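Taken together, the values in this text are just the output of simple stated rules run on the coordinates, not laboratory data. The shown structure was predicted, so the numbers you read here are calculated from the model rather than taken from an experiment.
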Amino acid sequence: MKKRKQSVHAPVSLIAHTERFSMAAERYRGIRSNIHFSAAGKEIQTLVVTSAGPDEGKSTTAVNLAIVFADSGSRVLLVDADLRKPSIALSFQMLNTRGLSTLLIGHDATVQSCCQASGLENLMVLTSGPLPPNPSELLGSKRMLDLLEEMKADYDYIIFDLPPVVTVTDAQILAAYSDGTILVVRERKTRRQELAKAKELLTLASANVLGVVYNGQKREKLTEDYYMQ
C-alpha cells in the first residue's frame, strides 16, 4: 500500500518554557488550573486538544499545556496524534522516524521505546512517526486502546494533539476514549458555523468537552483565554 507523502506544519512556540514569566505563559497556567476545576472530582488523565478548522492554534495549545502540567511536577506525555500534518517533532527538534504510527502498526514496540526526552523536566514526547495511509482506522483500533492503558500506567497526564474535528474523524475517535477534550478557536479565524459543527461532532462522540481555549486576541483586548462550556 502506498504511503502518503510526509506533511508537517511549521514548528509551534514553546512560550510556556522560553518565556515562562510572560502573560501568555501565565494564561496557559490558568488553563491548567481551570482544567483541574472543571474535573468536578473526576480524574482527568487523558486530554485531547483539537479545533474546528486548521490554523487555529491547537498544536500550540497542546504543547504549552503539556509544558505547564510538567512544570507542576506531574509526569506528562505529549502525543502528536495528528497523523496527517504533525508538528511536534519539528517544534522540539526531534527525529520522527518512530512514533505513534510505529506503535499502532507494529506490536513489537513499546510506548517507552518510542518516546523521546523533551529536554524539559517531567515531559516526554511521542511524535507522530511516519504518516500512515489510514489514520482514522488506526486511531479507532483496539491497539490504540491498549496503548492508552500502557500510557496511563506510566504518566500522570497524556495530552493528545489531534487534527481539526470538522475536517476528519480522528479527533472524534480519540475524544471518545479520553477523559476530557479542549476545543481551540481563534479570533477572526474560526467561523461560528464551524464551531457549532465541531461541538455537534464531539457531542455525537460522547466526548467530555471541558471548555474552549479562545486565542488570537490583540494584546490590549486580552481578558480570559478559557471559557467553561
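When Cα extents along the principal axes in Å is computed from the coordinates, the matching label among [x] 50, 39, 36; [y] 73, 38, 36; [z] 52, 42, 38 is [x]. The GNM of the chain, with springs linking C-alpha atoms under 10 angstrom apart, assigns the highest mean-square fluctuation among ARG143, ARG98, ARG188 to ARG188. Taking a span of 15 Å or more along the helix axis (Cα atoms) and a mean Kyte-Doolittle hydropathy of at least -1.0 as the rule, the DSSP H helices of the chain that qualify are 23-38, 58-71, 142-154, 192-204. Database remark: amide H of GLN45 closer than 5 angstrom to the amide H of ASP179 (H placed geometrically; neighbours at sequence offset of 5 or more, or on other chains; Pro and chain starts carry no H).
Go through LYS58/LYS197; LYS152/LYS197; LYS42/LYS152 and tell me which ones have a Cα-Cα distance over 22 Å in this structure. Beyond 22 Å: LYS152/LYS197.
In straight-distance terms, cross-link reach from LYS85 covers every one of the aspartates and glutamates whose alpha-carbon lies under 16 Å from its own, apart from those fewer than eight places away in the same chain; here that gives ASP55, GLU56, ASP161, ASP170. In terms of its C-alpha gyration tensor, the range 70-188 has a rounded overall shape, because the principal axis ratio a/c (a ≥ b ≥ c, square roots of the eigenvalues) stays below 1.5.
Backbone geometry of the range 89-104 corresponds, through the Karplus equation with coefficients 6.51, -1.76 and 1.60 at θ = phi - 60°, to 3J(HN,Hα) couplings of 4, 5, 5, 9, 6, 10, 6, 10, 7, 9, x, 4, 5, 4, 5, 6 Hz, x marking Gly and Pro.
Counting 0.36 nm for each residue step from ASP146 to THR97 and taking away their Cα separation leaves a gain of 15.5 nm. Picking from SER38, SER22, SER87, which is most flexible by a Gaussian network model of the chain using Cα springs under 10 Å? Checking each option, the largest mean-square fluctuation is seen for SER22. With 0.36 nm allotted per residue and the present C-alpha distance subtracted, the SER22-GLU43 stretch has 4.6 nm of extension available.
Give the separation of the Cα centroids, the range 37-71 to the range 108-162, in Å. First find each Cα centre; the distance between them is then 15 Å. GNM on the chain, alpha-carbon springs under 10 angstrom: the most fluctuating residue among THR110, THR18, THR203 is THR18.
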